[in-house]
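> The structure's right below; bear with me while I get my questions together.
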Amino acid sequence: MNQPRIGLFFWLLVFLIIGSYLWYINMYAVNIPITDDYDLVRVKYTLLTQEFSWWQKIKLLLEPENDHRILIPRSIALTGYAVEGFINYRTLIGVVNLSLLGILGFWFLSFLKRGLNAWFFLPVLLWYLTPFVFDVTLWGINGMQHTTLNLLVFGTLALLSYSTNHWAFGAALVVGFAATFTNGNGFLVFPAGLAVLLLTQDWKKSAFWTIGMIASLLAYFLNYQVGQATKVAFSGEFVGNLLVSFAALSGGWMAAFKGSSPQWLLWSSFLVGMLSLLGITLWLGYQLFMVPQRPRSGRPYLWVGVFVFSILTIGIIAVSRGGRDVYSVFTSRYSLYPLHLLTLTYLALLSWKSISPSWVFRIAVVFGGVFMTMSLYQYQRDMDERRRSLIADHYNWRQHRKLTTHFRSELADFFTLPAYQKGIYRFENFPLGAATEQLLSLPADTTQRDALKLTLTTTQKNIDFFGHPQTVAQFSLINADVLQPEFGEGVGVFLVLKSAKNKTYLLPTLPIQGGKRAFFTSARVYKPGFELTVYNENFAPDTYRIGLLSPKGTGYDLRYLQQSIQIDSLSTKLVN
């Protein structure tokens, strides 16, 4: 096979992987805010309803949100508003995934600069473009705070690593400042960049970079208000948890292989993380100080910067989260950082002279395929739960101005309803289609009395809601018979609650994993049945007929059951 043909086949394979991933993301992207996404709505609503000077506008954009100054995410959202006339969360998800592809572009560039075979890059696509990273690819603000941030970090480090041009250095400073005001850990691009400049022995630029780092730090903490994430209580247990969670998150990609034992996940990740950190450190030290030096573009400066940035970020996460709960570091929102370390480990193995790079590549391809498969198994349920919950919220908000999958949704913020009425964010084009929405609007068919075994459980708990002690109630519905659609078979099954006055609520059924054996033998993620838990207070007190909305052909079918459910603020009862 001649070289041009190899090149063409390579790019076809790359575009096939990327295209399949983007198609997958498009299926799950819903134009609905998720929790912290409402901050973007708040900022725009405040700008529309109050008079501000330019300086006051800048101060508003710089206000900390959950300990982070997020000037860049807010600016991106406001730019989208200026272009589209509303904050479109599908557009923001698009920005996030373009950022992920940009990160992969910088990884690919580093492979080529190092003189590695372009084919060796393919496994990297297989572990980045998976559901493992769903929290930073399908969540607008969270994705910008992590994925877009990482794109800015990679861009900064690439400018410092591959160019000696003064303009490139100036651009790196600007992009570094942008990273600082994208998320709290963005500032760490400065120590990472300083490590690169010190290794290049460019003392003048190192001095200017240090000045920029100090200026960035002062600007970030000007009028800063400390939030709950930065308030930590040091103790012996905290320090122990911190050390364990630091190593565990370093090997956090093991979460794709997690079983039923949290202890197994914690300590296997801990072991993998420790070995990875030690191996990468020794490899980079060897490449920098013990082998004949290559031209600057071929030296591993970018990889050093990524390594420093990743371990510093993991350290901050360990302090702010892991010290209190070692298992909290395994959330998908932190998934990019262990993947960076995984990629560096792969690069180290490619450089190991005792093993043929071709064999390392083959093993990495197999590993990447297994990782992608296990990510699908582990995180498909999370993705389906989120999409179904958002679709239910989409319907219930438009019908009742309620987000039934949330607690105290109507009291979440003063601006939520007024901002919606102003069109700052929009719930248009029901994700299940106009025909399904029309079907939901019809009165219940009283001739239908399908049998479905439902188990109801209720709980009450006392809470302190902003200084007001009160009791709240929840109810759960559980079933073990309803077949859940698998990937590509429809969005999912929903419960419909409909009163005699045609007041209608849509509730997501949350599927239950069927186990690895069923997944590998029958390609099914879910076993029959579902569970769901909601707060009583999100429903108007009444008696509701229960219906089951499920995929049928290219649309949906709604069948009503023989059961009804009585709901008031503190009690729930099934009625046959």
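The values are calculated or read from the model by the stated rules, or taken from the named source; none is laboratory data. In this text, all values refer to a predicted model and were calculated from it rather than measured experimentally. With ideal geometry, Cβ positions are generated from the backbone for all residues, glycine too; neighbour counts draw on all protein chains shown. The area values use the complete protein model at the heavy-atom level, side chains included, leaving out ligands, DNA and RNA. Shrake-Rupley method; radii C 1.70, N 1.55, O 1.52, S 1.80 Å.
> Across bins of 5 angstrom width beginning at 0, how are the C-alpha pair distances of segment 432-575 distributed, in whole percent?
2, 9, 17, 20, 18, 15, 9, 6, 3, 1, 0
> Test of the criteria: in segment 388-483, which GluC sites (Glu not before Pro) are in a DSSP loop and have at most 13 other Cβ atoms within 10 angstrom of their Cβ? Don't skip to the answer; put the middle values down first.
On the way: sites: E410, E428, E437; in loops: E428.
Those that pass, being in a loop and sparsely packed, are E428.
> Here's a follow-up. Tell me the trypsin sites (Lys or Arg not before Pro) within segment 496-560 that lie in a loop according to DSSP and have at most 14 other beta-carbon atoms within 10 Å.
Working: sites: K498, K501, K503, K516, R517, R524, R545, K552, R559; in loops: K501, K503, R524.
Sites meeting the loop and neighbour criteria: K501, K503.
> Given a Förster radius of 30 Å and the C-beta distance between R517 and N576 as r, what FRET efficiency does 1/(1 + (r/R0)^6) yield to the nearest 0.05?
Numbers: r = 36 Å, r/R0 = 1.21.
Calculated transfer efficiency: 0.25.
> Another question, if that's okay. Between T543 and F487, what is the FRET efficiency for a Förster distance of 35 Å, r being their Cβ-Cβ separation, to the nearest 0.05? Mind dumping the intermediate values first?
Values: r = 36 Å, r/R0 = 1.04.
Efficiency, from the Cβ-Cβ distance: 0.45.
> In whole Hz, what ³J(HN,Hα) sequence does segment 505-513 give by Karplus (6.51, -1.76, 1.60; θ = phi - 60°), x for Gly and Pro?
10, 10, 10, x, 8, 8, x, 10, 4
> Shifting gears a bit: Could you calculate the FRET efficiency of I478 with F52 from 1/(1 + (r/R0)^6), where r is the beta carbon distance between them and R0 is 51 Å, rounded to 0.05? Each step should come with its number before you reach the end.
Details: r = 51 Å, r/R0 = 0.99.
Result of the calculation: an efficiency of 0.50.
> Rank by packing, highest mean first: peptides 243-251, 449-457, with packing defined as the count of other Cβ atoms within 10 Å averaged across residues. Write out the running numbers ahead of the final one.
Working: 243-251: 25.0, 449-457: 12.4.
My ranking of the peptides, most packed first, is 243-251, 449-457.
> Kindly provide the chymotrypsin sites (Phe, Trp or Tyr not before Pro) of segment 453-548 that DSSP labels as loop, not H, G, I, E or B, and whose Cβ sees at most 11 other Cβ atoms within 10 Å. Don't skip to the end; give the middle numbers.
Details: sites: F465, F466, F475, F487, F494, Y505, F519, F520, Y526, F530, Y535, F539, Y544; in loops: F466, F487, F539.
For chymotrypsin sites (Phe, Trp or Tyr not before Pro) across segment 453-548 that sit outside H, G, I, E and B with at most 11 neighbouring Cβ atoms in 10 Å, the list reads F466.
> Further question: Can you give the three extents of the C-alpha atoms in the chain along their principal axes, from longest to shortest, in whole Å?
82, 61, 53 Å, listed from the longest principal axis down.
> Non-local amide H neighbours of A480 (under 5 Å, H modeled in plane, Pro and chain starts lacking H): which ones?
F530
> Hey, which of these cross-link pairs are over 20 Å Cα-Cα: K422/K501; K461/K527; K503/K573? All intermediate terms of the calculation are to be shown ahead of the outcome.
Working: K422/K501 29 Å; K461/K527 31 Å; K503/K573 18 Å.
Check vs 20 Å cut-off fails for K422/K501; K461/K527.
> If you roll a 1.4 angstrom probe over the protein chains with everything in place, what fraction of the accessible area of segment 125-235 belongs to carbon and sulfur, to the nearest %? Don't jump to the answer; show the numbers that get you there.
Working: 2990 of 4260 Å².
Carbon and sulfur atoms account for 70 percent of the accessible area of segment 125-235.
> Let me ask something else. Once you have the Cα-Cα distance between L271 and L60, take 0.36 nm times their residue separation minus that, and quote the gain in nm to one decimal.
Details: separation 211, 0.36 × 211 = 75.96 nm, distance 4.40 nm.
Contour length minus Cα-Cα distance gives 71.6 nm.
> With every protein chain left in place, what is the accessible area per residue of the chain in square angstrom, probe 1.4 Å? Write down the numbers at each step before the final one.
On the way: 25710 Å² over 576 residues.
About 45 Å² of surface per residue is accessible.
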